[in-house]
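Take a look at the structure below.
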Amino acid sequence: MSSTSQTSRATGIASTAPPAARTHGRFVRGTAGLSRTTPAAVTVYVLEGPAALAWVKDRWPALYAHDPVATPFGSPNWLLGWAGQLPPTAVPLLLVAADQSGVQGALALVRESRDGRSVVRAMSAHCECVTVVGPGSQDPRVAEAVARELTQLTQDGTSVTLPHVPARSPLNLAMRSQPGWAHTACRAAAVALPLTVAVLPRSIRRQHERREQVLSDCGAAITYRRTRTHGDLLAALPVLQALHAKQRQLAAEDGDPWEAVLRHLRTEAFIAEVAMDDAVIAAQLCLVRGRHCYSVLPAMDPAHRGLAPGHALLRRLTNDLARDGFSWLDLGPTRETPGQIAYKAQYQPVWDSTATFTSTSPQSPGGPLTGQLMETAHVL
């Protein structure tokens, strides 16, 4: 790739970085080896600080739009919402992968100073899916290039953690082949919609029917609603937060980031609620993209545990989403406890997994040209 200013035509993403960018690139192995001229070669560039934030604002929307498998956890609004909550000790960090046809994908991270150590993590503090976003997100060359750059970041002792990388993603496979990483697996569940209770196994169907009968017998009006406007979303958030704190016996935290994050998500999020008379007994924050919905923050009132309010909400939510044409409800990572697994198993989900990668020690990422710096700030 030339060290002069270029324009990426493949995705309509202009490839000129802001002049102030701290930009450098490292050649990595493409499918046809290491070369400045081979079309198969992929180069990863690093943007950090204000330049990275500007790139997310200006360029990330096109990456996201051209990646049909990207989740809302990789949307520009979600990332900008969390970037706005960074402490003074942290700065945005982007790994941008490009070949001769243009920018193929990027990974959004944060570099943070903790007790004198450099730590790199996902840009969003709450994230259930971390991977490359862009038209080349499923390209093994891009994944391998990013994985090598992540390994390169550990060379100065930087600690890197990459949470919840989908098991089937090229990035997951590429990270497993890199030296100096430990990984832990986590099961994830997704419910295919519509969920037809009548075709569920008899034992599960009877449990759903019993719970509905308990609700009917409680003598109160049980109502369901899903927010449809941004104003309603923000208005419902404090109730969800209060339930979440009550369920987990937590004190309310100053500077809670959720309101600031949701102010960026005008059409990509909603909160669903189940109320008993006028009191909300369960609530759930969800993100959406296309016909896929992602549960992010569920909560229920422990004072009404006997009514199984979480199940009451989830049954109504699956029906509501199916009526609106959704095809999947992703229930997210699952704790390896009997209660969590049994709870989600009630909806006959498709089980998959993610992996969290943690650097263990500085390692050489390999390859004679890896680690070379580009002498230009005009590569993206």
Exercise. Report yes if A308 is at pLDDT 95 or above, small (G, A, S) and buried (at least 16 other Cβ atoms within 10 Å of the Cβ), otherwise no.
Key: no
Exercise. Looking only at the stretch 197-222, count how many residues are surrounded by 13 or more Cβ atoms within 10 Å (Cβ to Cβ) and more than 17 Å from R305 (Cα to Cα).
Key: 4
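Kindly check whether there is at least one residue in the stretch 314-328 that is over 19 Å from A192 (Cα atoms) and open to solvent by 20 Å² or more (accessible area, probe 1.4 Å). Don't jump to the end; show me each part of the working.
As a first pass, look at the stretch 314-328 and keep what is over 19 Å from A192 (Cα atoms): none.
Checked against the condition, which is being over 19 Å from A192 (Cα atoms) and open to solvent by 20 Å² or more (accessible area, probe 1.4 Å), the stretch 314-328 yields no hits at all.
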Quiz item: So which residues in the stretch 145-166 are touching a Leu at 6+ places or on another chain (Cβ under 9 Å) and either part of a helix (DSSP H, G or I) or at pLDDT below 95 (or both)?
Solution: A145, V146, A147, E149, L150, L153
Exercise. Just name the residue that is nearest to P309 (Cα to Cα) out of those in the stretch 259-283 that are in contact with a Gly (Cβ under 6 Å, 6 or more places away or on another chain) and open to solvent by less than 30 Å² (accessible area, probe 1.4 Å).
Key: A282
Quiz item: What are the residue pairs meeting all of these: first residue in the stretch 195-220, first residue closer than 16 Å to K344 by Cα and of a type in the set (A, V, I, L, M), second residue open to solvent by 50 Å² or more (accessible area, probe 1.4 Å) and part of a helix (DSSP H, G or I), Cβ atoms under 6 Å, and 6 or more apart or on different chains?
Solution: V197/R205
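Scanning the stretch 139-184 for residues that are of a type in the set (G, A, S) and within 16 Å of the chain's Cα centre (by Cα), which turns out most open to solvent (accessible area, probe 1.4 Å)? Spell out how you get there, then give the answer.
So the first thing to find is which residues in the stretch 139-184 are of a type in the set (G, A, S), and the list is 143, 145, 147, 157, 159, 167, 169, 174, 177, 180, 182.
Filter once more, so that each one left must be within 16 Å of the chain's Cα centre (by Cα): 167, 169.
Working: A167: 29, S169: 10 Å².
Only one residue tops the list, namely A167.
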Exercise. Give the number of residues within the stretch 80-96 that are in contact with a helix residue (DSSP H, G or I) (Cβ under 7 Å, 6 or more places away or on another chain) and open to solvent by less than 10 Å² (accessible area, probe 1.4 Å).
Key: 4
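Any idea which of S124, S118 is modelled with pLDDT under 95 and open to solvent by 20 Å² or more (accessible area, probe 1.4 Å)? Spell out the reasoning first.
Details: S124 fails: open to solvent by 20 Å² or more (accessible area, probe 1.4 Å).
Selected residue: S118, the only one of S124, S118 that is modelled with pLDDT under 95 and open to solvent by 20 Å² or more (accessible area, probe 1.4 Å).
The values are calculated or read from the model by the stated rules, or taken from the named source; none is laboratory data. Only a predicted model underlies this, so the values are computations on that prediction, with no experimental measurement involved. We place every Cβ from the backbone using ideal geometry, glycine too, and count neighbours over all the protein chains shown. To get the accessible areas, we keep the full protein, side chains included, count just its heavy atoms, and leave off ligands, DNA and RNA. Shrake-Rupley method; radii C 1.70, N 1.55, O 1.52, S 1.80 Å.
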